[in-house]
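Peer 1: Just passing along the structure, written as structure tokens.
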């Protein structure tokens, strides 16, 4: 579910930035094995790692990729419950609900880019 929310938000970011999505390739989904040997379909990455990757992308003049990674870092930092609320607000929230959530994202989580996406939706 979290992956669907992230995909939806990244699609909106791409749309807002005017980036065209590459055609999807039909790929076989392979199971993910985490380091402890258990099978898990929910892969996790820390916001710090995503911010580091964004910095690397920026140094390579990959501004769009850098922005996507920074948004992903904010998504990872706010957590699943907030992202579920964000998805609901984007799908059918009022302007005041969007503004309220955006203010919370900025003040509580310092998620400025994500707040902008919510306000633009």
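Just so it is clear, none of the values below were taken in a lab; they were calculated from the coordinates. Keep in mind the model is a prediction, meaning the values are calculated, not measured. In this analysis, Cβ positions are derived from the backbone assuming ideal geometry, glycine residues included, and neighbour counts consider all displayed protein chains.
Peer 1: What ranking do 83, 58 get, fewest neighbouring Cβ atoms within 10 angstrom at the top? All intermediate terms of the calculation are to be shown ahead of the outcome.
Peer 2: On the way: 83 19, 58 15.
Starting with the residue having the fewest Cβ neighbours, the order is 58, 83.
Peer 1: If you don't mind, there's one more thing I want to ask. For residue 107 and residue 52 in one chain, what is 0.36 nm times their gap in residues minus the Cα-Cα distance, to one decimal in nm? Mind dumping the intermediate values first?
Peer 2: Details: separation 55, 0.36 × 55 = 19.80 nm, distance 2.25 nm.
Net length gain for the segment: 17.6 nm.
Peer 1: Compute the distance in nm between two label points, each set 7 Å from the Cα along the Cα-to-Cβ direction, one at residue 121 and one at residue 60.
Peer 2: 2.9
Peer 1: Moving on. What ranking of 6, 118, 45 emerges when the number of other C-beta atoms within 10 Å of each C-beta is taken as an exposure proxy, fewest first?
Peer 2: 45, 6, 118
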